[in-house]
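Novice: Could you have a look at this structure, given as structure tokens, before my questions?
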């Protein structure tokens, strides 16, 4: 799994041979606040060309663990 892109409104992850944009909100570092707030309810389906495949619960847990590690 790897973090592909970070913007103020989403992070893009490449995992399990697929990509997904996870929406959220980027915050300033160093003010005793989180670096990024993710909207875990946006982790539902993979991005194109795999948009018909749902993200499995185990995959979702692994993605969230990666984000905790990075942020």
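Novice: So in segment 62-71, with the set limited to residues that are at pLDDT 90 or above and over 14 Å from residue 12 (Cβ atoms), which one is surrounded by the most Cβ atoms within 10 Å (Cβ to Cβ)?
Specialist: 62
Listed here are the residues, each with its yes/no results for (1) touching a residue at least 60 places away in the same chain (Cβ under 8 Å); (2) surrounded by 15 or more Cβ atoms within 10 Å (Cβ to Cβ); (3) touching a strand residue (DSSP E or B) at 6+ places or on another chain (Cβ under 6 Å); (4) part of a strand (DSSP E or B).
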site	(1), (2), (3), (4)
8	no, no, yes, no
13	no, yes, yes, yes
21	no, yes, yes, yes
24	no, yes, yes, yes
28	no, no, no, no
60	no, yes, no, no
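Novice: Provide a single number: the residues in segment 32-43 that are assigned to a loop (DSSP other than H, G, I, E, B) and either within 11 Å of the chain's Cα centre (by Cα) or in contact (Cβ under 8 Å) with a residue 40 or more places away in the chain (or both).
Specialist: 2
The values are calculated or read from the model by the stated rules, or taken from the named source; none is laboratory data. The structure presented is a predicted model; accordingly, all values stated were derived computationally and were not measured. Don't worry about glycine lacking a Cβ; one is built from the backbone with ideal geometry, like all the others, and counts go over all protein chains shown.
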